[in-house]
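No value in this document is a laboratory result; all are computed from the given coordinates. These numbers were taken from a predicted model, which means no experiment stands behind them. Here Cβ is always computed from backbone atoms with ideal geometry, including for glycine, and neighbour counts include all displayed protein chains.
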Amino acid sequence: MSDSPRAPWLRGIAFNPAAPSDVLIRLLDRAAGESGLRMCEGRALPDAVVDAALRHPDPVVRRAFARNPYVDPARLTPLATDPSGIVRAWLAGGPRGYPRRVRPLPDGILLALLTAREAGEDGKLTVDEIVAELDSSRQIPLSFFRSMAGRERPELRVLATWRWESLTPDQRARLLDDPDPTVREAARDKNWATDPGQVEARLPSFSPRNAWVFATCALSPALIEQCFADGTEHLLTRNKYIPAHTVARLARHPEAQVRAEVATRPDLGPDLAAELRQDEHEGVRTRARLHPFIRTWAESSAMEWGVDHGPDCPCPIGEPFTQPHTDPAVGPSPDWFAACAVAEEPERRRVAASWPGLSAELVETLAQDSDEEVRIRLACHHPLAPPHLLTEVYVTRSAHRPHLLTLPAFPRTGWAHHIDHPDPEVRALAAADPAVPAPPLADPDATVRRAAATNPNLTPETLEALLSDPQTAEGAAANPALPVARMHALLDQCLNDTSNPPTAAPR
């Protein structure tokens, strides 16, 4: 392995927060290798750099930029019709690494990708493959499909059927009776799950992965009995189509887990709910106590989230806990979340803390909540979570650190008192804090030393020495105190001298 600091210089400059546009644009050069591509994909960029990436002749640069989660998604619009199908596919697939929160793409991009008739001049992918990437990316909000239901063009109304359950009953009825036969066929194809006869007829085609059918579709009496005979009746506990007598049967099931899952169904009768509130199992009693506050299936699902997910839950963050999904027809209302925020039960407060539409006043209250899980959820889900809470959760719950670091409000200062923390990830943040007068350049952990090299309090002489050491060169090149002229000089050396080129990513 080479000891040259050139590759670390490139990586550091690529993520230097003080690097101006003219410096960053130089990293789009092929000679910058992987560093330039990581920059395109992994940081906020000035408008001039965005424009340069969008117009770049190399599709590898454009496809890396297509995955950037930090730029205004509207700026990505030209990539939806990019000549390269691979660029379109990377845009459709969304940010790398399956982050917990994925922001939706604008309607214009979604329509361009979903209605494209060809998949790019490179011929590497099909239209269906690009659409499949988009469909699984979590970048399409349910509000998009609902908005398509009333569009004039039939092919757009067909798109509305893709998320059939997210549509209102009135929208579903209109699509089933649509004047266009293609729309009617698409709607009926999606509506089969509400017809017990069609469900039973289709079931053999789903085996052996058919558990979701029993959990979500309308079932005939024969299929319900099949579940009890097979010992898979637990699949029925959240099925909203099962009849009342089956609900009662499950509520008196010998397994506590089954009884607990039934306890938060909105269709559970008051007598059964009262019975479960006296259940011998504490978990069942806890859920049953929440039943009076559940009126809809959307509220039931939200409450299940509050009960089932522990403090280190890494589940994706998305609908129904986003602002566009608060229509009472399809999700819990803002008033319901607000009531949960001041509830006595911690499970309800956890649900409220998971909704990013909560008012600033209630956020301030929950940030001081005695229940740690309430505070954790607030930190991870709400854009107004105070910096001290984000710091607290980062220090105490390592499972949430990757997500917290992506939040715009995550504090980069105020860490100085953690400079001797036993966890090197915490010390690294403290080492980069400008409030630390003497960054720990001799820390035993390499990550901490690299972070210390980014501290703007370092003297120019120290910074130059760190640039010469391959172990700290990346941090020093990322230091915002590094003069712009020095950045250009380093790039001159890296990009013009080909005697020992940095490792390049495949292009």
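Taking the Cα centre of each part, how many Å lie between segment 364-392 and segment 221-245? Distance between centres, Cα-based: 39 Å. Placing dummy labels 7 Å off each Cα toward the beta-carbon, the span from Val484 to Ala442 is 3.7 nm.
Would you kindly state how much longer the chain becomes between Ala132 and Asp312 on full extension, computed as 0.36 nm times their sequence separation minus their alpha carbon distance, in nm to one decimal?
Numbers: separation 180, 0.36 × 180 = 64.80 nm, distance 3.05 nm.
61.8 nm is the gain from fully extending Ala132 to Asp312.
Roughly speaking, what is the stretch gain from Thr406 to Glu152, that is 0.36 nm per residue apart minus the C-alpha to C-alpha distance, in nm to one decimal?
Numbers: separation 254, 0.36 × 254 = 91.44 nm, distance 3.93 nm.
Using 0.36 nm per residue and subtracting the Cα-Cα distance, I get 87.5 nm.
Shape summary of the chain, radius of gyration then Dmax from alpha carbon positions: 27.1, 81 Å. By the Stokes-Einstein formula, at 0.692 mPa s and 37 °C, segment 310-405 with its Kirkwood radius over alpha-carbon pairs has D equal to 247 µm²/s.
Loop-located GluC sites (Glu not before Pro) in segment 337-443 (DSSP state other than H, G, I, E, B) with a sparse environment of at most 15 neighbouring Cβ atoms within 10 Å: Glu344. Taking only Cα atoms, what is the 0 to 90° angle, nearest 10, from helix 484-496's long axis to the longest principal axis of the chain? Roughly 90 degrees between the two axes.
Could you compute how fast segment 1-72 diffuses translationally, taking Rh as the Kirkwood radius over C-alpha pairs and applying Stokes-Einstein at 4 °C with viscosity 1.567 mPa s? Give it in µm² per second. The partial results should precede the final answer.
Numbers: Rh = 12.1 Å.
The estimated diffusion coefficient comes to 107 µm²/s.
Backbone amide hydrogens, once placed in the peptide plane, bring Arg101 within less than 5 Å of Ile317, excluding anything fewer than 5 places away on its chain.
For a quick check: sort Cys380, Cys340, Cys315 by the number of other beta carbons within 10 angstrom, fewest at the front. Walk me through the numbers on the way to the answer.
Working: Cys380 24, Cys340 27, Cys315 9.
Ascending number of Cβ neighbours within 10 Å: Cys315, Cys380, Cys340.
Sequentially through segment 110-119, phi angles give Karplus couplings (6.51, -1.76, 1.60; θ = phi - 60°) of 4, 5, 4, 6, 7, 10, 4, 9, 9, 10 Hz, Gly and Pro residues having no value and appearing as x. For segment 413-425, backbone phi angles converted through the Karplus equation (6.51, -1.76, 1.60; θ = phi - 60°) give residue-by-residue couplings of 10, x, 9, 4, 6, 9, 5, 10, 4, x, 8, x, 5 Hz, Gly and Pro being listed as x. Rg and Dmax of segment 349-507, both derived from C-alpha coordinates alone, stand at 19.4, 61 Å. Shape summary of segment 216-372, radius of gyration then Dmax from alpha carbon positions: 16.4, 52 Å. Across segment 447-453, rounded Karplus estimates of 3J(HN,Hα) from the backbone phi angles (6.51 cos²θ - 1.76 cosθ + 1.60, θ = phi - 60°) give 5, 5, 4, 5, 5, 4, 5 Hz, Gly and Pro being marked x. Excluding Gly150 itself, what net charge comes from residues whose Cβ is under 10 Å from its Cβ, given Lys and Arg +1 and Asp and Glu -1? Net local charge, Gly150 excluded: +3. Label separation (Ala416 vs Asp335): 4.9 nm, computed from points 7 Å beyond Cα along the C-beta direction.
Normalised by 2.2 N^0.38 Å, where N is the number of residues, the alpha-carbon radius of gyration of segment 111-182 equals 1.21.
Using just its DSSP H runs of length 4 or more, each adding -39500 (n - 2.57), the chain gives a mean residue ellipticity at 222 nm of -14000 deg cm²/dmol after division by all residues.
Let me know the charge dipole size of the chain about its Cα centre in debye, to the nearest 20, where only the beta-carbon of Lys, Arg (+1) and Asp, Glu (-1) is charged. Don't skip to the answer; put the middle values down first.
On the way: 55 positive and 69 negative charges, 134 e Å.
Using only the charged Cβ atoms, the result is roughly 640 debye.
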